[in-house]
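Visitor: Below are the C-alpha cells for one structure; questions will follow.
Every read-out reported here was derived from the displayed coordinates using simple, explicitly stated rules and does not represent laboratory data. A quick note: this is a predicted structure, and the numbers were derived from the prediction, not measured. With ideal geometry, Cβ positions are generated from the backbone for all residues, glycine too; neighbour counts draw on all protein chains shown.
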Amino acid sequence: MTFKRIAVIGAGTMGSGIAGQIANAGHKVLLLDLTTKATDYALERLQKSEPAPLHQRGNVDLIETGTIEADFDKLAECDWIVEAVVERLDIKRDLYKRLDAVIREDCIVTSNTSTIPIKLLVTEMPLAFRQRFAITHYFNPVRYMRLLELVRGADTRTDVIERLSRYNDEILGKGVVPCNDTPGFLGNRVGVFALQVGMDEAFKQGLCIEDADALMGRPMGIPKTGVFGLYDMIGVDLMSDVVDTLGDILPENDVFHAVGRSNNPANALINTMISEGFTGLKSGKGGFYREDQAVDLTSGALRPRITELPALAQQAANAQQDGRETLPMMTEGSGAHHQFCRNFLGRVLAYAADLIPHVTSTPQDIDDAMKMGFNWIRGPFEMIDALGAEVVIKLAQDAGCAIPQALQTSADHGPFYQVQDATLVVRNFDQTTSQLKPVQLPEGTERFSLTRRTLTPIASNRAASLWRLPGDLRLVEFHSKANALTGESMTIVRQAAEDHGMGILIHNDAQHFSAGVDLNRFADFIAREAWGEMDAFLNDFQQAVAALKYCPVPVVGAPSGLSLGGGFEVLLHCDRLLTHANSVLGLVESGVGVVPGGGGVKTTHQRWFEATGDAEIAAWESWMQVGYGKTGESPEQATKLRYFQPGHDETVMNRDKLITRASAMIREMAPGYTPPEPPKMTLPGQAVYAKMDAFMADGVAKGWFKPHNKTTAMEIATIVVNTTSDAPLEVTEQDMFDRERAAFLRLAKTPETKGWINAMLSGAAIE
C-alpha cells in the first residue's frame, strides 16, 4: 500500500533531498520549515545543485512548501511524516508532542536521525505514537545514495515497518537494510570508524594524504576519495560533528573512542581548518585538498599536490585490470604503505565483526550498508572472505585488536558467504550459535554481483563474460577497469549473438555500466600509426553491435550509472532499454576529438529522422547533440535527446530490480519476435554542411570553440550530410557505419586528437 499524502519537516540538505526523491517518484509532498526563506532556498537548491537532486527541474512542482507555524494543521491530512530537523533531542521531542496532537491515528512518523536511538526520541510519547514511529535514515545525496537504514523501536508495529520498507524499496528505489535500535545504526557506525582509522594510521605511518587516500581507495574497494577526500566532500565541520555525536552516544568500552575527536591526531589541524573556513568543497576554499595544493599532516602547511600514485596502489590497479585479487598484495610486504594497509584492514574488519550479533545477526546487513551507503565495492565480511579469516585475525592481533567471536567462528567453520546447492548462503548468528541461511533480498530484486557467485560462465575473458540465467536467458557482463570496452568485450557480445538462448540481457552490477571504449587502445594505434588496425577494430565493434541488433531473440539493455560513448552505442543496438532512474546516457566522444564509431551517430540520426521525417532537421539535431557531447542525466533528460524512448523503453527507481524486470520484458517480447528491419535514412544536401561550417566558424571567432572543436564537428557533419551534392542522399545502415569509421580515422591522424586523448589519459587539461 502506497502513501497518499506525505510531508517532510525540515528543509535542510537532507529534508529537501528526501522531498526531492519523493517528487522524483511522481508523488506530491509537503515540505515545511520555520520560514519561507528556508523552503524557498531548499527549492532553489533542488533545481541548481550538482549533482542534480531532481530527475528533471519540473519535478519541483510536486513539492508544496509552507511554514511549521502557519501550515502545521495540513499535517492532519498526512499518512506519513518524515522529521528531518536539526539533530537536537529536545527539538525533536517537542515536535513529536505537537504532531501527536494533530495527526491521524493511522499516520506513520519517522525520523531521519543518523545517530539518536529511538528509545531516546520517543521515551515521553504515548504507546500509540511509539507503535507508529520508526527511523528512516537516508544518506546524502538522497537521489544517488542507495541505502535506507530502517530502524524499529521496541514498540514499532510490524505492519508499519513492512509498509515503510515496501514503499522505499518499490517507489523510492532504496536498498532497505533493517537495523536494531543501537547507536550509529550500521552505516555510520562502521563507515565513520573506518574514516577515523584511516586518518589515525596515516599519521602513525607518516603518510601524506594523497598516498593514504590512494591506498585506502580503489585497491581496497573503497571510493577513490579515501578518507581525506571524503572529509572534504562531506564537509570537515560536519564530519567533526558526526564524530563528536558518535563519541557521545557509543558505550564507553567501544573502540571507536580510540579514534574519536579527543584521541584523533588530526584534531588540532581540523579545528584550525574549521576556524579558518577550510571546511571542504562546500566552502569554495577546499579542506585537506585546495586546488593544486594539499595540507601536510605534520606541519599543517600547504605544499604542492602529489599526483603520482604510490607504487603499491599502482600494482593493485594493474592487478585489478587483470582480474586478480588485490587485498593480499596490500598486506604482504614491508614498509609504511603495507603497514598502513595491514593496520587499517585489521582494525576495521575486526570492528565490523565485533558488531555481530548484538547490532545485527547477519553480516549481510553490514555489507549492504557499506556498499549502498558508502559505495564500498565489497562489504567488510566479503573482504574478510577474500583475505581469509585466519589472515584477518593475524592482522587484527598485530594491530592490537581483540578477536571477535564471529571472526573466530569463520576461521573455524569456513567463510561467511558460501554456495550450497547453487544457492548463496551467509552465516547468521545469535548469542551462542551460527548457521548458514540463504542471502535475503526483497521480493523482485536481484544483484548480479551476488547471483554470479552461484554460476559458471559460458564464456569469459578479462573484459567481459557471458552467463546463462534461468529461463534459458543470457547475460552479457562487462567487467574491465571502468568497464571500458576492448576487443575482448566485443568478442563476448558476438558470442552472445550466436549462443543467445531465449533472449539476451546487457547488464552489470557495477556502479557504472561503461565509460566507453578503452582510450588506451586508440592511443596505442595512434602512437604506432596503425591505421589499418584501428579501422579493423572499429569495424569489428560495428559488426558486433549489428549482430546483437539482428539477433533472432529479444535483447534488452539494462544499465545503471554512466553509459557513455561506446558503452552507450552497445545499448543503442538493443531492442529496448530498461534504465535505472539515475542512468546517464550519451555520446561524449567529441570531447577527445573523435566521433562515435560504433553506430552512435547512425542511430541518433535514424531516430531523429524517424521522429521528424525531415532529413535536414535530423541531420542538424544529431550533429548538435553529438558535437556537444550531450548527455541525459536521467531518463527524462535522455528522452529529449531521443536516447530514451518513452512507451518503448522503461525505467525503474531501484537498480536491484533491473534484472527481474528486464527478464520479464524479454519473456513478454519473445512470442512471435522478429528482428528489426534494417533502416533506410536520407541525408540532406551540402547546403546544410555549409550552414554547419558557418556556425562553427562563427563560434571559433567568438571564442566559444577551439579550432579543433570545429574540425571534429565538421567530421560529424560528413556522416549526417551529403557533402558531394545539393541533392538528398539515400543511405543504408552500412553506409553510415562506413562514414563513421572514415571520419574517426581522419580525426585520429590529427595531432590535436592525439594530444587530447593523451591529456585525457594522463588527467591533464585538454588544450
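Visitor: Report the equivalent ellipsoid semi-axes for segment 359-474 in whole Å, largest first, defined as the square roots of five times the eigenvalues of the gyration tensor built from alpha carbon atoms.
Guide: 28, 17, 14
Visitor: Quick check: residue separation of Gln734 and Gln314 times 0.36 nm, minus the Cα distance between them. What number comes out in nm?
Guide: 147.0 nm
Visitor: With r as the distance between the Cβ atoms of Glu69 and Thr456 and R0 = 60 Å, compute the FRET efficiency 1/(1 + (r/R0)^6) and round to 0.05.
Guide: 0.40
Visitor: Same structure, new question: At R0 = 45 Å, how high is the FRET efficiency between Lys204 and Lys48 if r is their beta carbon distance? Nearest 0.05 is fine.
Guide: Result of the calculation: an efficiency of 0.60.
Visitor: Work out from phi, with θ = phi - 60° and the Karplus expression 6.51 cos²θ - 1.76 cosθ + 1.60, the ³J(HN,Hα) of each residue of segment 91-96, listed in order in whole Hz, and give x for Gly and Pro.
Guide: Rounded to whole hertz, the list is 5, 5, 4, 4, 5, 4.
Visitor: Still on this structure, I have one more. List the aspartates and glutamates whose Cα lies under 19 Å from the Cα of Lys97, skipping any in the same chain that are fewer than 8 positions away.
Guide: Asp33, Glu69, Asp71, Asp73, Glu77, Asp79, Glu83, Glu87, Glu105, Asp106, Glu124, Asp155
Visitor: What residues have an amide H closer than 5 Å to that of Leu469, excluding those fewer than 5 places away on the same chain, when H is modeled at 1.01 Å from N in the peptide plane?
Guide: Here the answer is Arg474, Leu475, since their amide H atoms fall under 5 Å of that of Leu469.
Visitor: Strictly over 27 Å apart at the Cα level, which of Lys119/Lys174; Lys224/Lys706; Lys371/Lys549; Lys371/Lys481; Lys48/Lys92 would you flag in this model?
Guide: Checking Cα-Cα distances, Lys224/Lys706; Lys371/Lys549; Lys48/Lys92 exceed 27 Å.
Visitor: Counting only C-alpha contacts under 8 Å and six or more residues apart, can you give the relative contact order of the chain as a whole percent?
Guide: 8
Visitor: Further question: May I ask you to order 649-659, 621-631 by the average number of other C-beta atoms within 10 Å around their residues, highest value first?
Guide: Packing order, densest peptide first, comes out as 649-659, 621-631.
Visitor: Relative contact order for segment 681-762 using alpha-carbon pairs under 8 Å, separation at least 6, rounded to a whole percent?
Guide: Rounded, it is 39 percent for segment 681-762.
Visitor: Let me ask something additional. For segment 608-617, take each phi angle, set θ = phi - 60°, evaluate the Karplus expression 6.51 cos²θ - 1.76 cosθ + 1.60, and give the result in whole Hz per residue in order, putting x for glycine and proline.
Guide: With coefficients 6.51, -1.76 and 1.60, one gets 5, 5, 5, 6, 10, x, 10, 5, 5, 4 Hz.
Visitor: Please report the orientation-averaged projected area of the chain, defined via the convex hull of its C-alpha atoms, in nm².
Guide: Average projection, Cα convex hull of the chain: 33.9 nm².
Visitor: Which whole-number percent gives the relative contact order of segment 11-116, counting Cα pairs below 8 Å spaced six or more residues apart?
Guide: Once divided by the residue count of segment 11-116, the mean separation gives 27 percent.
Visitor: Skipping prolines and chain starts, which residues have an amide H placed within reach, meaning under 5 Å, of the one on Met681, given they are 5 or more residues away or on another chain?
Guide: Val731
Visitor: Could you give each residue of segment 724-736 its phi-based ³J(HN,Hα) in whole Hz, using Karplus coefficients 6.51, -1.76, 1.60 with θ = phi - 60°, and x for Gly or Pro?
Guide: 9, 7, 6, 7, x, 10, 7, 10, 9, 4, 5, 4, 5
Visitor: Given axes a ≥ b ≥ c from the Cα gyration tensor, I'd like to know whether segment 538-624 is rounded (a/c under 1.5), prolate (a/b larger than b/c) or oblate.
Guide: In terms of gyration-tensor shape, rounded.
Visitor: Still on this structure, please answer the following. Could you order peptides 202-213, 439-450 by the average number of other Cβ atoms within 10 Å of their residues, highest first?
Guide: 202-213, 439-450
Visitor: Using a Cα-Cα cut-off of under 20 Å, which lysines could be cross-linked to Lys394, ignoring same-chain neighbours fewer than 8 residues away?
Guide: Lys204
Visitor: How big is the antiparallel share of DSSP beta bridges in the chain, given as a percent to the nearest 5?
Guide: 45
Visitor: Taking R0 as 35 Å, what FRET efficiency do you get between Leu302 and Tyr41 from their Cβ-Cβ distance, rounded to the nearest 0.05?
Guide: It comes to 0.60.
Visitor: What is the angle, in °, between the Cα long axis of helix 531-549 and the longest principal axis of the Cα atoms in the chain? Nearest 10 is fine, range 0 to 90.
Guide: 70
Visitor: A follow-up question, please. Sorting check: for 506-512, 149-155, which peptide has the highest mean count of neighbouring beta carbons within 10 Å, and how do the rest follow?
Guide: Taking the mean over residues of other Cβ atoms within 10 Å, the ranking is 506-512, 149-155.
Visitor: Note the full-extension length gain between Asp244 and Gln435 as 0.36 nm times their separation in residues minus their Cα-Cα distance, in nm to one decimal.
Guide: Value of the extension gain: 65.1 nm.
Visitor: To continue, here is another question. What are the residues whose amide H is under 5 Å from the amide H of Thr579, where those residues sit 5 or more places off or on another chain and H is modelled from the backbone?
Guide: Those lying under 5 Å, H to H, from Thr579 are Glu650, Thr651, Val652.
Visitor: Quick one: grab Rg to one decimal and Dmax as a whole number for segment 681-762, Cα atoms only, in Å.
Guide: 14.2, 45
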